[in-house]
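S.K.: Structure incoming, see below.
The values are calculated or read from the model by the stated rules, or taken from the named source; none is laboratory data. From a predicted model like this one, the values you see are computed outputs, not experimental measurements. A quick note on method: Cβ atoms are made from the backbone with ideal geometry, for glycine too, and the neighbour counts reach across all protein chains shown. Each accessible area value is taken on the protein alone, full model and side chains, heavy atoms only, with ligands, DNA and RNA left out. Shrake-Rupley method; radii C 1.70, N 1.55, O 1.52, S 1.80 Å.
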Amino acid sequence: LLVRQIVGLGANAAFSEFLAEGKYSADQIQFINLVIDHLVHNGMMNPTLSFESPFTDFHDLGVAGVLNDDAEKIIGGIEQINSNAGIA
């Protein structure tokens, strides 16, 4: 439980900074929140999941379709959180 709480704090912080960088649509914000929820509930996330359901409910291409040029930042954020969770 403690690890999930730490991961949740890290995910919220990492993606809050991302969202503060620019204007994003409601779908993009919901997508990021879904990523955060997944990380909080599971402690880690395989980045390939962002190309599968329920993430493809926002766009057929998942993260690549929803966030276009910023998809790499999201994948990088997921990988960093996974790395931190592995250390915790």
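S.K.: Let me spell out the model: positive unit charges on the Cβ of Lys and Arg, negative unit charges on the Cβ of Asp and Glu, origin at the Cα centre of the chain. What dipole size does that give, in debye rounded to 20?
M.R.: About 320 debye.
S.K.: Okay, moving on. Whenever you get a sec, compute what percent of the accessible area on the chain sits on carbon and sulfur atoms (1.4 Å probe).
M.R.: Taking all protein chains in place, the chain shows 54 percent carbon and sulfur surface.
S.K.: Which entry in [x] 33, 26, 18; [y] 54, 38, 18; [z] 44, 31, 27 is this structure's computed Cα extents along the principal axes in Å?
M.R.: [x]
S.K.: Rolling a 1.4 Å sphere over the protein heavy atoms, what is the accessible area per residue of region 14-69, to the nearest Å²?
M.R.: In whole numbers, region 14-69 has 58 Å² accessible per residue.
S.K.: Which angle between 0 and 90 degrees, to the nearest 10, do you get for helix 2-20 versus the longest principal axis of the chain when only C-alpha atoms count?
M.R.: 30 degrees
S.K.: Between region 50-81 and region 15-48, what is the separation of their alpha carbon centroids in Å?
M.R.: Rounded to whole Å, the Cα centres lie 9 Å apart.
S.K.: A follow-up question, please. Calculate how steeply helix 71-87 sits against the longest principal axis of the alpha-carbon atoms of the chain, using the helix alpha-carbon long axis, and give the answer as 0 to 90 degrees to the nearest 10.
M.R.: Tilt relative to the chain: about 10 degrees.
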